[in-house]
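A.B. asks: Before we start, here is the structure in question, set down as structure tokens.
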Amino acid sequence: RPWLDAVCAASAPQLRAFGPQALANTACALAQMDHAPPPHWVAAFLHACLEAWAPRPPPPAAQGAAAGSPTAASHARPPAAAPPPPPQALALTLWAVARLGLRPGGAWLDAMAAAAAADAPRMNGQDVANVLWALGALRYRPGQAPHPALSRTGVAGAPRAAASAAGQRPGLEGGVSCSDGDAAAAAPGLVLVPLLAAWRRCAEGMEPQQLSACLVAAAHMQLGAAGAGGAAEQAWLWALAALGRRLGTASGQCVANALWAAARLGCRPSNVWMVAAVARFAECLEEDDGGPQVGGAWAGPECPFPGRGREAANVWWALGRLRWAPAPEVGQQLLVRTLLLVASGDLRSGEVAMF
């Protein structure tokens, strides 16, 4: 698309003058059009993002009209601070960076993650999902020390908020517990604690797709149960419970991703949750299966549910990792459809090996 290349070439020198919302809109437009910007544009854009979301020092004290003048001092007022950019701008910027497949580097991710943590109390569920999905897609590995950007709001309150939920567990329909045997996951750094607290706060109002995206992100970032005062564990426990109450409207991809993430995180969902999740995934396969059948097996030459290969592979891998066997009738249904996926060539060799 030559015209998009021309737009990138013209806008690159001006990006440092863009505000946060303009940066977000520009990157999202390129991401939605699947246009990879040239390297010089990427470098200018990443630098502009750091400037747009860098910690802002407090405004200098106003100077009186004359030094030592009591009248001037009594009427001096500090200049009004600029309003912070909306959290949606930062969330969409991170989403676009991940969607475009950019590789901004660890220092850039540290700074932007810290800015997102500072904005976390103002985020809604969609913002949280966009930020966590982006950090997971970029394989962000949080450090253990808070970033200076956290000084804008402070991080001290977040561990207390997470600790206040200690001992609480979701209800029976979404009951989960942490596995003591899976301690390989790294502890999240303090920089993510406010984001994890926001995730837990928003979980009940999030859509299934948002919940599963956050769970996958937590697995990609290796946010196991250790560290951060249990903030990571609390967040994905509540996310799984919230998803359990919405499984009836979840897609097969959402269910498969959630099962995969739960297994990667070392979680042990309750039997009730597992039964509902596996049954929902089987229902999604059933909804795709609308063709003629002979003796319960597909009679046509092509697979009736193309594109489900990776989802089925993730489900079977998760069931094995969690040591959980479905009921015989459900297990047979999944097995028949999985064999159809294999026969149709919809599964790659690596995915077949996951069964």
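A.B. asks: With respect to A27, determine if the residue is of a type in the set (A, V, I, L, M), in a helix (DSSP H, G or I) and in contact with a Leu (Cβ under 6 Å, 6 or more places away or on another chain).
C.D. replies: Details: of a type in the set (A, V, I, L, M): yes; in a helix (DSSP H, G or I): yes; in contact with a Leu (Cβ under 6 Å, 6 or more places away or on another chain): no.
The answer is no for A27.
A.B. asks: Based on this model, can you work out whether A258 counts as buried (at least 20 other Cβ atoms within 10 Å of the Cβ), modelled with pLDDT of 90 or more and outside the structural domain of V216 (by the TED database)?
C.D. replies: Numbers: buried (at least 20 other Cβ atoms within 10 Å of the Cβ): yes; modelled with pLDDT of 90 or more: yes; outside the structural domain of V216 (by the TED database): yes.
Yes.
A.B. asks: Further, regarding this structure: Just to be sure, is A235 crowded, with 21+ Cβ neighbours inside 10 Å, in a loop (DSSP other than H, G, I, E, B) and modelled with pLDDT under 95? Please lay out each step first, then the result.
C.D. replies: Working: crowded, with 21+ Cβ neighbours inside 10 Å: yes; in a loop (DSSP other than H, G, I, E, B): no; modelled with pLDDT under 95: yes.
It is false that A235 is crowded, with 21+ Cβ neighbours inside 10 Å, in a loop (DSSP other than H, G, I, E, B) and modelled with pLDDT under 95.
The values are calculated or read from the model by the stated rules, or taken from the named source; none is laboratory data. What you see is a predicted model, and the numbers here were worked out from it, not measured in a lab. All Cβ positions, even for glycine, are placed from backbone atoms using ideal geometry, and neighbour counts span all protein chains on display.
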